[in-house]
1. For the protein assembly as shown, list log₁₀ I(q)/I(0) at each q in 0.06, 0.07 Å⁻¹, using the Debye formula over Cα point scatterers of equal strength and ignoring solvent, two decimals each.
2. Which of A:60, B:209 comes first, and how do the rest follow, when ranked by fewest Cβ neighbours within 10 Å?
3. Evaluate the charge dipole of chain B about its Cα centre and quote only its size in Debye, nearest 20, assuming +1 on the Cβ of each Lys and Arg and -1 on the Cβ of each Asp and Glu.
4. Exposure proxy check: A:204, B:241 ranked by fewest other beta carbons within 10 Å?
5. Out of A:122, A:164, A:82, any idea which swings most in a Gaussian network model of chain A, alpha carbons joined below 10 Å?
6. GNM on chain B, C-alpha springs below 10 Å: top fluctuator among B:235, B:244, B:16?
7. Got a sec? Charge dipole of the protein assembly as shown, +1 on Cβ for Lys and Arg, -1 for Asp and Glu; which of A:75, B:257, A:40 is way out at the positive end?
8. Determine ³J(HN,Hα), in whole Hz, for all residues of the stretch A:217-230 in sequence, where each value follows from phi through the Karplus function 6.51 cos²θ - 1.76 cosθ + 1.60 and θ = phi - 60°; x replaces Gly and Pro.
Amino acid sequence: MTFFKAENLAINFGGVKAVDGVNFEINKGECFTIIGPNGAGKTTIFNLISRIYDSTDGSMEFDGQDITNVPPHEIAGLGIARTFQNIELFEHASVLQNLLVGRHCHSKTSLFAETLFLPSVRKAELAHREKVEEIIDFLDLQHYRDSLIMNLPYGVRKVVELGRALCTEPKLILLDEPSSGLNVEETRDMAFWIEDIKRDLGITVLMVEHDMGLVSEVSDRVLVLNYGRMLAHGSPQEVQNDPEVIKAYLGG
Amino acid sequence: MRFLFKTEYDQDIRIAKHSGYVWSYGALLIVVIVAPFLFDEYYVGQLTHLYIMAIAGVGLMLLSGYTGLISLGHAAFFGIGAYTEAVLTGKGLSLPFMEEPIVFSFFLSFPLAGILAGIAGIAIGIPALRLVGIYLAMATFAFAIIIEEVFSRWESVTNGYTGLIVEAIEFGDMDLTDGRPFYFLSLAVLIAVILFSLNLLRSPTGRAMMAIRDSEISAQSMGINLARTKTTAFALSAGITGLAGALFAHKLGFLSPESFTVLQSLELLVLVVVGGIGSLHGAVFGAIFVLSLPQGLAILKDYLPVQIAETPGVEPLLFGLILVWLIIFEPFGIYGRWLKIKHYFQMFPLYKKSTFKRQKSYMKSERLR
């Protein structure tokens with residue numbers, strides 16, 4: 001069953017074709033990975049899906065809805081959450097506040113009610129907090145609840161960012177290099193979490209990743225990009241043995 | 001040391017996190033209520049002025065400290081509030097189809113002053129949506145210059161440089177805009193504005209504002225409408241500053257465009273930065289600093305050798321030096337220092353200097369700006 005579909009997706013920055021006619025489909029409940037050498041356009045595809053960039057051509061469909069022209073702040077409400085390659089957390093806020101921002105797309109309180117902190121706001125806040133606590137338990141973040149992000153080590157920030165994305169209760173989660181900057185042990189944890197996200201929470205995963213160990217362990221299908229074009233497409237093993245892919249990575 | 005055991009989520013939502021808050025702020029409240037009966041009129045006036053500046057400081061703090069939008073034009077909103085108040089309670093609102101101008105009572109004109117300043121805030125906020133950092137500062141600066149010009153040229157309303165006398169407000173047989181009654185009025189407005197801001201900051205809109213300050217791109221991906229949140233921040237900030245302006249009009253008793261120059265905008269920005277950017281305490285500390293430093297320097301002058309004290313420009317020099325010193329050694333302002341002192345006593349004798357050592361931030365190369 002097609003859950004997310006990108007058709008002929010393309011974007012140019014001036015004369016540079018960063019993404020050039022990419023087609024792919026993601027099925028519900030799978031882990032789909034995009035790999036490729038640096039500058040292949042992987043993160044650009046993420047930015048296109050989260051609508052930070054406007055595509056120059058092509059269309060995207062998510063859960064039966066065309067999202068090619070949806071405003072960027074509505075993407076989270078539709079059920080697509082993301083993390084960033086170079087962690088974009090709210091540095092001067094605590095872990096708890098960061099995770100609560102993840103609940104923003106579900107908050108419906110009015111500004112007036114908020115400034116007076118009416119009982120309805122308190123009730124909504126408590127409900128958000130309960131949801132956040134579920135994620136804190138899921139990712140073992142209990143210890144860091146009240147720490148400021150700027151005082152946390154890189155590995156923990158990475159997990160907090162994953163947690164923030166999960167707090168939006170997404171149907172599709174985009175992970176931009178979840179293992180970059182993590183040590184071997186942390187990468188192992190990340191692999192387990194991605195498995196759990198897929199299996200226990202039933203969230204479809206789209207990720208960009210360089211660590212082939214992690215890729216072949218968790219992903220069901222892999223798409224290889226090079227210079228904005230699709231190079232290969234298939235299971236992790238198929239892709240790794242594809243002569244075109246080997247050529248793109250090793251040259252020759 | 002205090003160990004806080006949390007047994008319910010509500011403990012993280014409450015304004016008073018533990019009994020210490022109730023005791024210390026209760027004591028402070030008693031002090032400020034008793035103060036006007038202990039000090040003579042001059043100091044009561046100074047304290048009133050302090051509260052008015054603190055209100056304006058809270059207004060600017062919401063925008064610059066919490067949403068991360070630097071405004072160099074808050075004197076404009078301050079002035080709009082002041083002139084609205086002076087005109088509505090003085091000669092009144094006269095429209096072409098009316099025979100008599102309507103003179104508003106204070107309880108109507110005061111909120112209107114805030115609302116009008118808030119609308120002006122939206123008017124500058126919407127075109128400024130695409131601007132960040134130094135460019136936004138320039139746009140708001142230009143706006144303030146335009147408004148200053150409006151104050152001086154729109155003579156039929158503002159009386160231009162001739163000035164506008166602000167009518168005193170009588171409530172019963174009490175003059176609401178002088179002495180103790182005015183002190184309590186300003187204090188009440190300050191407390192209301194702080195509570196209002198605290199509520200805002202612990203609810204989704206306040207968190208959205210802080211999210212925008214720290215990372216616009218991820219705020220957007222979390223479902224925060226940047227345009228709406230920034231405009232809201234501008235409107236609230238301008239509105240609160242307008243309220244402060246309305247009180248300031250009564251404090252001065254006489255308005256002229258010279259009261260709302262770019263220097264006033266700068267003073268407000270200095271207030272929030274020195275007080276401690278990103279904290280409501282900072283707005284109050286900053287107001288204390290801005291008001292008491294010139295006075296402190298004037299007193300200090302008496303103790304300096306005559307040759308130094310009589311040199312022109314000593315006061316601005318010292319003011320500047322203290323400012324530079326503060327910015328270098330205490331980037332989080334007086335509130336930052338306050339936290340350290342508080343921590344020292346809480347941890348005594350285990351305080352470590354390195355607790356507050358600043359770490360280098362990780363590089364942000366993927367910022368889409």
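Bear in mind that the values in this text are calculations on the coordinates, not laboratory data. Everything quoted here is computed from the prediction, not taken from an experiment. Glycine also receives a Cβ, built like all others from the backbone with ideal geometry; neighbour counts cover every protein chain displayed.
1. For the requested q values the scattering log ratios are -0.40, -0.54.
2. With the fewest neighbours first, A:60, B:209 line up as A:60, B:209.
3. I would put it at about 2400 debye.
4. On the way: A:204 24, B:241 34.
Final ranking by Cβ density, sparse to dense: A:204, B:241.
5. Top of the fluctuation ranking is A:122.
6. B:16
7. Sorting the options by dipole projection puts first A:40.
8. So the J values, rounded to whole Hz, are 6, 9, 8, 8, 9, 10, 10, 9, 10, 8, 6, x, 10, 6.
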